[in-house]
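Take a look at the structure set out below.
The values are calculated or read from the model by the stated rules, or taken from the named source; none is laboratory data. Values in this document were obtained by computation on a predicted structure and should not be read as measured data. Positions of Cβ are generated from backbone atoms using ideal geometry, with glycine treated the same way; all protein chains shown enter the neighbour counts. Just the protein is used for accessible areas: all its heavy atoms, side chains included, with ligands, DNA and RNA removed. Shrake-Rupley method; radii C 1.70, N 1.55, O 1.52, S 1.80 Å.
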Amino acid sequence: MSYFACSKGQLYAEGVALADIAAQHGTPAYVYSKKALSEHFLAYQVALAGTSNLICYAVKANSNLAVLKVLADLGAGFDIVSAGELQRVIAAGGDTGKTVFSGVGKNAEEIEYALKVGIHCFNVESESELEVIQRIAARLDTKAAVSLRVNPDVDAQSHPYISTGLKENKFGIDIDTAFGVYQHAAELSHIDIIGVDCHIGSQLTEISPFLEALELTLALVDKLANAGINVKHLDLGGGLGVRYKDECPPPIGDYIRAVLDKLNDRGLTLILEPGRSITANAGVLLTRVEHIKNNGDKNFAVVDAAMNDMIRPALYDAWLNIEPLRPNENAPEKIYDVVGPVCETGDFLGKQRALAIMPGDILCVHSAGAYGFTMSSNYNSRPRPPEIMVDGSNMHLIRERETIERLMHGEHLLPEPE
Ligand code: LLP
């Protein structure tokens, strides 16, 4: 169900009219529903009830502190890919002991920081990284818990930019060589092997690629066990898709059941790293129509949000539903490209949309809660939008709109010539 729905002739987030949020906080603005966030997370928890599991929310999807806190309070662990994300987890009161550190390019400072605060494990993506972790753990006189992220060479059937489990992708350790790397890891004095990890991509709308990757990973788990290397957990990554338009991804419960079936009762803890399936449909982006213009055959609605605020349409040709907060009876319906003020032809939020709108109308860009704000930038010196969380009939500002002063903070002019 959607927590952004029409009631009494206008769009609401839970019990708050989106028009009231726009009036109070201006546009563009990101709006999240606490209830939606919680429900999506709880769907994982309910499906996994009675099993040994750890749900590590992928912070990169939406890293606002208030979002992390809502999930931490529900018992979430976290999947991070940088020291910055780890610091956010800590600032939000998240449990570092339930945090896994993924990513292909962890540097020495980040590894040391994670070892010092005490994370659940490193998802190691190369032999080179393993050596660096060993060296730093030895210097700190500690043991680093690791799992190796294997690349199973499975096609996620998703957009090429967000498929990660093919040999041609930079991610993970080739599953055919992973056994050898585990044997080597087992000999390292300051490495504690605790798991196997795999993440094949994002926005998967079928269960079968997950199961194919799981089977290959389980075969490796068995081979390791025969060699005396016993892992405690299997991390299947994130990747479950959501409905943006007419996609039909499996419900979270169906996906989990299929995975648990394959795991059988091997005694492995299942770790998952969902991002998009928790936050995408828990957020929208509000934007105001600034100008309507017509270039010959084409109509443009120029809005105040742009590719710097929401890059997914420009970067992946992503389709996001766009609708006015209220119908405008005075405007004729026309087909519009909804574009932003940024000086790039690729700056669009939607193309060929039937809308009855006039300047001043406010539009709701749906499914914007994941990879929206976190991928935003200040291109064209545009301050980033505020973030607001709705909880029942209350709205809370959870991130202020940036100011131009803040954008220029830390910049310095060259000294005047003598
Ligand atoms: N774990 C790892 C190791 C990942 O690389 C990712 C996402 C996730 C978990 C979470 O995946 P999710 O459940 O969100 O699919 N910016 C792109 C998506 C990039 C995904 C990167 N990795 C987009 O807007 O579509």
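Using the Cα atoms of the chain to build a convex hull, what is its mean projected area in square nanometres?
Details: hull surface 98.1 nm².
Approximately 24.5 nm², given one-decimal rounding.
Taking R0 as 45 Å, what's the FRET efficiency between residue 42 and residue 142 from their Cβ-Cβ distance, rounded to 0.05? Walk me through the numbers before you get to the answer.
On the way: r = 35 Å, r/R0 = 0.78.
Step by step, r from the Cβ atoms, then E = 0.80.
Roughly how many Å is it from the Cα centre of the range 21-40 to that of the range 281-358, as a whole number?
19
Under a GNM of the chain (C-alpha, springs under 10 Å), which listed residue has the highest mean-square fluctuation: 369, 93, 275?
Comparing 369, 93, 275 in a Gaussian network model of the chain, the most mobile one is 93.
So if I restrict to the alpha-carbon atoms in the range 353-418, what is the Rg, and what is Dmax, the biggest pairwise distance, in Å?
Calculated on Cα positions, Rg and Dmax stand at 17.8, 62 Å.
Using Cα-Cα distances under 8 Å and only pairs 6 or more residues apart, what relative contact order does the range 140-259 have, in percent? Can you show the working numbers first?
Numbers: 208 pairs, mean separation 34.1, N = 120.
Computed over the range 140-259, the figure is 28 percent.
Taking the mean number of other Cβ atoms within 10 Å as a proxy for protection, how do you rank 348-358, 202-212 from highest to lowest? All intermediate terms of the calculation are to be shown ahead of the outcome.
Values: 348-358: 17.3, 202-212: 19.5.
By packing density, highest mean first, the sequence is 202-212, 348-358.
Rounded to the nearest 0.05, what FRET efficiency do residue 331 and residue 246 have when you use their Cβ-Cβ distance and R0 = 22 Å?
Efficiency computed from Cβ-Cβ geometry: 0.25.
Which Cα, out of 123, 156, 244, lies furthest along the positive dipole direction of the chain (beta carbon charges, K/R +1, D/E -1)?
Of 123, 156, 244, it is 244.
Could you work out how much longer the chain between residue 208 and residue 49 gets when fully extended? Use 0.36 nm per residue separation minus the Cα distance between them, nm to one decimal.
On the way: separation 159, 0.36 × 159 = 57.24 nm, distance 2.28 nm.
This chain segment gains 55.0 nm when fully extended.
What does the extension gain come out to for residue 174 and residue 258, with contour length at 0.36 nm per residue minus their alpha carbon separation? Can you show the working numbers first?
Values: separation 84, 0.36 × 84 = 30.24 nm, distance 2.48 nm.
In short, 27.8 nm is gained.
Hey, rough spin-label estimate for residue 73 and residue 394, points 7 angstrom out along Cα→Cβ, what's it come to in nanometres?
The two pseudo-label positions are separated by 0.9 nm.
Determine the gain in length on full extension of the stretch residue 230-residue 374; use 0.36 nm per residue of separation and subtract their C-alpha separation, reporting nm with one decimal. All intermediate terms of the calculation are to be shown ahead of the outcome.
On the way: separation 144, 0.36 × 144 = 51.84 nm, distance 3.71 nm.
Stretched fully, the residue 230-residue 374 segment lengthens by 48.1 nm.
When the convex hull of the Cα atoms of the range 34-277 is projected onto a plane and the area is averaged over all directions, what value comes out in nm²?
The directionally averaged projection comes out at 12.2 nm².
Placing +1 on the Cβ of each Lys and Arg and -1 on the Cβ of each Asp and Glu in the range 34-277, which of 207, 54, 166 has its Cα farthest towards the positive end of the resulting dipole?
54
Kindly provide the helix-only [θ] at 222 nm of the chain, computed as the sum of -39,500 (n - 2.57) over DSSP H runs of four or more divided by all residues, to the nearest 500 deg cm²/dmol?
On the way: 12 runs with 120 residues, N = 418.
When only DSSP H runs of four or more count, the value is -8500 deg cm²/dmol.
Starting from the 7 Å offset along Cα-to-Cβ, what nm value, one decimal, do you get for the label separation of residue 222 and residue 24?
5.7
Quote the charge dipole size of the chain about the Cα centre in Debye, to the nearest 20; the model charges only the Cβ of Lys and Arg (+1) and of Asp and Glu (-1). List each step's numbers first, then the result.
Values: 36 positive and 54 negative charges, 171 e Å.
For the chain, the charge dipole is close to 820 debye.
Counting alpha carbon pairs within less than 8 Å and at least 6 residues apart, what relative contact order, in whole percent, applies to the range 259-359?
On the way: 145 pairs, mean separation 26.6, N = 101.
It comes to 26 percent, rounded to a whole number.
Given an 8 Å cut-off on Cα distances and at least 6 residues of separation, report the relative contact order of the chain as a percent. Please list the in-between numbers first.
Numbers: 931 pairs, mean separation 78.9, N = 418.
Contact order relative to length: 19 percent.
By average Cβ neighbour count within 10 Å, what is the ranking of 394-400, 94-100 from highest down? Walk me through the numbers before you get to the answer.
Details: 394-400: 15.4, 94-100: 20.1.
Ranked by mean Cβ neighbours within 10 Å, highest first: 94-100, 394-400.
In whole Å, what are the extents of the range 31-173 along the principal axes defined by its C-alpha atoms, from largest to smallest?
Here the spans come out as 44, 38, 33 Å, largest first.
Carbon and sulfur atoms: what percent of the 1.4 Å accessible area of the chain do they account for? Please list the in-between numbers first.
Values: 9000 of 18280 Å².
Result for the chain: 49 percent of the exposed heavy-atom area is carbon or sulfur.
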